[in-house]
């Protein structure tokens, strides 16, 4: 198994990322009742994946090799850029249809905003460190979750009460 195959298998076979509890469906109670928890669980799966030093090194290799290897570039485009935006667009579309977020919200734009900040943070720490300290990785996830919660709070329908 080569490095690229190992990394693609991480996404394909991760139990939490592929759990039925976290499928993007309008009848998913966790998504509808607690979108913050839904985000947090996915974040935990990614955190576990990135907590392994070899996986972080593979991320860095992918960033470099996508300029030289067509398969890696296509993987990056599809798996890291396109599919997550499709997923988060679906996430916000469901929340909008269920009346959880405001009707004037644009799910596609929200997906880009929601997803782009963690990607920025990841690029920032990968550029800053050769060996990423655990404290920086922990801070990455704290900031990403704070951003997700902030964005959701800004767009949620306010309940009278």
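The values are calculated or read from the model by the stated rules, or taken from the named source; none is laboratory data. Computed from a prediction, not measured in an experiment: that's the story for all the values here. Don't worry about glycine lacking a Cβ; one is built from the backbone with ideal geometry, like all the others, and counts go over all protein chains shown.
For this structure, a couple of remarks:
- Of all residues in segment 70-116, those satisfying the criterion of being surrounded by 16 or more Cβ atoms within 10 Å (Cβ to Cβ) and not in a helix (DSSP H, G or I) are 100, 101, 105.
- Considering (1) touching a residue at least 60 places away in the same chain (Cβ under 8 Å); (2) loosely packed, with under 12 Cβ neighbours inside 10 Å; (3) assigned to a loop (DSSP other than H, G, I, E, B), the lone condition that residue 132 does not fulfil carries the number (2).
- Helices (runs of 4 or more DSSP H) fully within segment 1-59 counting 3 or more residues that are in contact (Cβ under 8 Å) with a residue 60 or more places away in the chain and farther than 23 Å from residue 99 by Cβ: 3-13, 35-50
- Yes/no for residue 44 being touching a helix residue (DSSP H, G or I) at 6+ places or on another chain (Cβ under 9 Å), closer than 19 Å to residue 143 by Cα and modelled with pLDDT of 85 or more: no
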